[in-house]
Amino acid sequence: MPYLFISAAHKSSGKTTLSIGLCAALRARRLCVQPYKKGPDYIDPLWLAAAAGRGCENLDFFTTPCDEILASFQRRQTDADIGLIEGNKGLYDGLDLDGSNSNAALAKMIDAPVVLVLCTKGMTRGIAPLILGYQAFEPGIRLAGVILNRVGGSRHEGKLRRVIEHYTDVKVVGAVANSPDLEIVERHLGLMPSNESAAAADTIARIRHVVETQVDLDALLDIAATAPDPGEYAQNTRPPCFSAPRPVKIGIAQDDAFGFYYQSDLEVFRRCGAELVPFSPLRDSHLPDVDGLFIGGGFPETRIDGLSTNTAMRSEIRRYVEAGFPVYAECGGLMYLTRSIRWKGKHGDMVGVIPADTLMEEKPQGRGYVRLRETQDFPWPVVDGDAAGEICAHEFHYSRITPLKLPARWAYRVERGTGVDGRYDGIRYRNLLASYTHMRNVGTNHWVERYVKFVADSVEKRRAGNDRI
């Protein structure tokens, strides 16, 4: 089961674009490509999954225990022809001084050969000490090749190759020239998500063509083949901590405005006995017949007009919340549930169940990893003997909600991060829980199982005649 780790010397080197092209090019060879993304991210995995034709798995030290990362990696590799792990930031970048949560630490843990994408703009002889430094900095890292990116032309490429061949023993497996075909529209949170781009397939095809013609895919496959067997893994995944006694239906917002969901979390929903029913706050006039809602993150600010003019859907969601049905919203979902969103001179009315307005700012208002503690107002039941301990998650938002004097109960106390007001996150109203924090269902945070149980319990209460749960 070959696999390799695509990393870089620093962020914005072009590794995401090249990883997308590599996934598409290898898939075109009729290989089953399993993509992975290091760290907490939604946008890059959407593109990688679209290019590979297979769901992307996030591997993240902060939110996920190491044994779960390894088990997840092993499980995904069992039926894949090749695995491609895309790093975040630079190879040695991370939170801790010792690099324990860096890309290098992940590559070392799974013993993956590393291919470094190097932005060569303005570089010639200086590329040699850069490569040598990355080789020598940390023992146990197998730097198996480099892809030269943003090369200025054939003369520039020739100089770079001669320098690398003379001073190092690292193989050059590709030299990619500057090209408009490698461009993907960017915005404040990174690349435009593929779920928003009607031309995503064409974009991927353009990138694939560049990669096929300027990267030695056979050499990459040879490098990937040096990876060891990732180990044996029990074929049965961890059983969920809770399974609904009767199937429940949960509506999930999926359209151009909302699309930030972890593939593994969606799988846990299904294993718990929840049927996920997609609906669009942009295009649908009515909610589906469901027992609860999940409105995830996304870019509602870019779809202000469409969301605002869909008054039928806004009214239905407002009535749904007021009737006491379970609703869970993250980040973009939280923004949608406020009274309005303002961005770049635009203003649009939203659902209005949260008595505050959303303002988009020029700089991030909350960015990075968070640690939370549940308060006594946290609504969902404990499962499998879980204690209400520390929750490790992440946030990334340019918006803030105002006014902050909300008549709300808070589900979380923020110990690291920003949340809604720097102290709290998780607005409670009836059976709504809305927060800026993005959760990940792992062994230390069974949020999916807990929410499904909450929905299942609410169904039973309604059947017992308690319409106001």
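What the table below lists for this structure:
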| quantity | calculated |
| --- | --- |
| Region 317-340 - residue that is in contact (Cβ under 8 Å) with a residue 40 or more places away in the chain and among the small types (Gly, Ala, Ser) and, of those, surrounded by the fewest Cβ atoms within 10 Å (Cβ to Cβ) | Ala323 |
| Tally, over region 296-326, of residues that are in contact with a Phe, Trp or Tyr (Cβ under 7 Å, 6 or more places away or on another chain) and outside any helix (DSSP H, G or I) | 4 |
| Residue in region 329-348 that is closer than 22 Å to Pro247 by Cα and either at pLDDT 95 or above or in the same structural domain as Asp425 (by TED's automatic domain parsing) (or both) present | yes |
| Any chance Pro113 is more than 20 Å from Asp222 (Cβ to Cβ) and either in contact with a His (Cβ under 6 Å, 6 or more places away or on another chain) or not polar (S, T, N, Q) (or both) | no |
| Inter-residue pairs, beta-carbon under 8 Å, first among the acidic types (Asp, Glu) and in region 47-70, second part of a loop (DSSP other than H, G, I, E, B), 6+ apart | Asp60/Gly39; Asp60/Pro40; Asp60/Arg440; Glu68/Gly443 |
| Some residue of region 398-417 being in a strand (DSSP E or B), of a type in the set (Gly, Ala, Ser) and under 25 Å from Ala244 (Cα atoms) | yes |
| Subset of region 341-375 (residues that are surrounded by fewer than 24 Cβ atoms within 10 Å (Cβ to Cβ) and in a loop (DSSP other than H, G, I, E, B)) | Lys344, Gly345, Met350, Gly352, Val353, Glu361, Glu362, Lys363, Pro364, Gln365, Thr375 |
| Given (1) in contact with an Asp or Glu (Cβ under 6 Å, 6 or more places away or on another chain); (2) outside the structural domain of Val459 (by TED's automatic domain parsing), index of the condition Leu287 fails | (2) |
| Failed condition for Pro278, given (1) in contact with a Pro (Cβ under 6 Å, 6 or more places away or on another chain); (2) loosely packed, with under 15 Cβ neighbours inside 10 Å; (3) assigned to a strand (DSSP E or B) | (1) |
| The lone exception for Leu4 - which of (1) in contact with a Phe, Trp or Tyr (Cβ under 9 Å, 6 or more places away or on another chain); (2) part of a strand (DSSP E or B); (3) within 16 Å of Pro230 (Cα to Cα) it fails | (1) |
| Residue list for region 154-188, restricted to those being touching a helix residue (DSSP H, G or I) at 6+ places or on another chain (Cβ under 7 Å), of a type outside the set (Phe, Trp, Tyr), outside any strand (DSSP E or B) and modelled with pLDDT of 95 or more | Leu160, Val163, Ile164, Thr168, Val170 |
| Pairs, first touching a residue at least 24 places away in the same chain (Cβ under 8 Å) and within 13 Å of Gly83 (Cβ to Cβ) in region 13-38, second aromatic (Phe, Trp, Tyr) and assigned to a loop (DSSP other than H, G, I, E, B), C-beta under 9 Å, six or more apart | Lys38/Phe61 |
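The values are calculated or read from the model by the stated rules, or taken from the named source; none is laboratory data. Remember, predicted model here, so these are calculated numbers, not experimental data. Cβ atoms come from the backbone with ideal geometry, glycine included; neighbour counts cover every protein chain shown.
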